[in-house]
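Asks: Please find one structure pasted underneath; my questions will follow.
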Amino acid sequence: MLAFVWHGLINIVFSARFRVDGNSMMPFLSHGESVLVVRTRYRWNKLRRGDVAVFERPTIAGGTSIKRVVGLPDEDIRIVDSLVYVDGQVLVEGYISGEAGLGEKEWFNGPDEYFLLGDNRADSTDSRDYGPVTMALIKGKAWFRCWPPARWRPLGKDKSG
């Protein structure tokens with residue numbers, strides 16, 4: 001009985017275990033690692049800048065991806081080469097790798113939209129390609145690395161995870 005209750009509580013809080021596919025979040029997360037994802041519908045778990053989110057890609061039905069939250073609702077995001085500006089201020093990003101000349105482009109997040117980018121910018125398909133992501137498509141926040149066992153740990157916002 002206790003195991004049944006415990007299992008139910010885990011399913012209420014955690015929406016899924018997600019397996020990282022690809023190198024877009026290197027070095028924070030590597031291909032083949034798995035993370036536990038906590039639903040963002042809870043007040044104590046709202047998305048903040050720097051969090052890593054799992055979401056349904058807007059352009060691929062059923063496709064799921066994992067990226068870092070760079071822009072929050074109602075913010076202006078501008079990218080000039082390898083720099084990201086949020087409401088005119090340069091975003092300091094100690095977690096990125098694979099910097100590449102990204103050109104210049106600008107987006108405005110609506111009241112329920114987030115701008116999501118991979119840490120490995122040279123090898124990531126993200127909001128630069130499909131625009132801001134609505135909250136309805138976000139499954140949750142990556143909270144804990146659960147595979148491989150040697151790297152079990154809560155995920156912070158820095159590049160070491």
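Asks: Is it the case that segment 55-62 has a residue that's open to solvent by less than 10 Å² (accessible area, probe 1.4 Å), under 29 Å from GLN89 (Cα atoms) and at pLDDT 90 or above?
Replies: Within segment 55-62 (the criterion being open to solvent by less than 10 Å² (accessible area, probe 1.4 Å), under 29 Å from GLN89 (Cα atoms) and at pLDDT 90 or above), the answer is yes, since at least one residue qualifies.
Asks: Cβ-Cβ below 6 Å, separation at least six or inter-chain, first residue in segment 73-86 and of a type in the set (Ser, Thr, Tyr), second open to solvent by 20 Å² or more (accessible area, probe 1.4 Å) and outside any loop (DSSP other than H, G, I, E, B): which pairs?
Replies: TYR85/ARG78
Asks: Please work out which residue is modelled with the highest pLDDT, limiting yourself to segment 89-124 and to residues that are open to solvent by 30 Å² or more (accessible area, probe 1.4 Å) and closer than 18 Å to ALA142 by Cβ.
Replies: GLY94
Asks: Still on this structure, please answer the following. Please determine whether any residue of segment 6-20 is modelled with pLDDT of 85 or more, in contact with a strand residue (DSSP E or B) (Cβ under 8 Å, 6 or more places away or on another chain) and not hydroxyl-bearing (Ser, Thr, Tyr).
Replies: So far as segment 6-20 goes, yes, one or more of its residues are modelled with pLDDT of 85 or more, in contact with a strand residue (DSSP E or B) (Cβ under 8 Å, 6 or more places away or on another chain) and not hydroxyl-bearing (Ser, Thr, Tyr).
Asks: May I pose another question? Evaluate segment 38-45: report whether one residue or more is modelled with pLDDT of 75 or more, within 27 Å of GLU106 (Cβ to Cβ) and assigned to a loop (DSSP other than H, G, I, E, B).
Replies: No, segment 38-45 has no match at all.
Asks: Can you tell me which residue in segment 73-130 is nearest to ALA53 (Cα to Cα), limited to those that are acidic (Asp, Glu), in a strand (DSSP E or B) and out of contact with any Asp or Glu (no Cβ under 6 Å at 6 or more places or on another chain)?
Replies: Among those that are acidic (Asp, Glu), in a strand (DSSP E or B) and out of contact with any Asp or Glu (no Cβ under 6 Å at 6 or more places or on another chain), it is GLU113.
Asks: Still on this structure: Collect the residues in segment 63-77 that are surrounded by fewer than 16 Cβ atoms within 10 Å (Cβ to Cβ) and at pLDDT 95 or above, keeping them in residue-number order.
Replies: Result: PRO73, ASP74, ASP76.
The values are calculated or read from the model by the stated rules, or taken from the named source; none is laboratory data. This is a predicted model, so every value here is computed, not measured. A quick note on method: Cβ atoms are made from the backbone with ideal geometry, for glycine too, and the neighbour counts reach across all protein chains shown. Just so you know, the surface numbers come from the protein's heavy atoms only, side chains and all, with ligands and any DNA or RNA stripped out. Shrake-Rupley method; radii C 1.70, N 1.55, O 1.52, S 1.80 Å.
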